[in-house]
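The structure appears below as structure tokens.
The values are calculated or read from the model by the stated rules, or taken from the named source; none is laboratory data. Here the structure is a predicted model, which is why all the values come from computation and not from measurement. Reconstructed Cβ throughout: ideal geometry from the backbone, glycine too, with neighbour counts over all protein chains shown. These area figures cover heavy atoms from the full protein model, side chains too; ligands, DNA and RNA do not enter into them. Shrake-Rupley method; radii C 1.70, N 1.55, O 1.52, S 1.80 Å.
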Amino acid sequence: MSRGFALSGLLRLRGLQETKAAGDLAAANRSLRQRTIERNAMRDAMAAPERAPVDSETLMALVASRASTRGMLLELDTLVSSLDGKAEEARETHGQARKELKALEKLADRHEVRVRTEALSREQLLLDDLGATSAFEGKTP
């Protein structure tokens, strides 16, 4: 009967942590991508040429609209910067979780190799004993 890997519970936990970190990273990247697209669309809209205003009221409305849009653009820039920081944190967290998982997976692999080697060694000893017993009794294997 083979021994189980003593850290198998920790290995499962690290696997779950890595999966959660990967999900958090995907969510952070998705949010960053969406806000970046919104910001770029707003910049494109601001850069588009406007028709010449007909009267002063239209001109004033246009100026107010541009000022409001610039304010929203600044807010979006701040939000994108913040989301970029959160995405970087998520990348680092995922990288650390992945590293911890890989370390435990290597230990589990070494354990599995050791258990198999021991089992093969025991099997070889049994076969050697059977061969020696057969040779002693005058039988050929």
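Details
- Some residue of segment 96-115 being among the hydrophobic types (A, V, I, L, M, F, W, C), assigned to a helix (DSSP H, G or I), open to solvent by less than 60 Å² (accessible area, probe 1.4 Å) and free of Cβ contacts under 8 Å to residues at least 24 places away in the same chain: yes
- Hits in segment 31-72 (condition: free of Cβ contacts under 8 Å to residues at least 12 places away in the same chain, assigned to a helix (DSSP H, G or I) and basic (Lys, Arg)): Arg33
- Screening Leu83, Leu130 for residues that are part of a helix (DSSP H, G or I), without any contact (Cβ under 8 Å) to a residue 12 or more places away in the chain and either open to solvent by less than 80 Å² (accessible area, probe 1.4 Å) or within 30 Å of Gly4 (Cβ to Cβ) (or both) leaves exactly one candidate, Leu130.
- Of all residues in segment 32-54, none satisfies being under 30 Å from Leu104 (Cβ atoms) and open to solvent by 90 Å² or more (accessible area, probe 1.4 Å).
- Any hit, segment 116-134, residues being under 30 Å from Arg12 (Cα atoms) and touching a Phe, Trp or Tyr at 6+ places or on another chain (Cβ under 7 Å): no
- Residue count for segment 40-59, restricted to those that are of a type outside the set (Gly, Ala, Ser), under 29 Å from Leu79 (Cβ atoms) and at pLDDT 85 or above: 4
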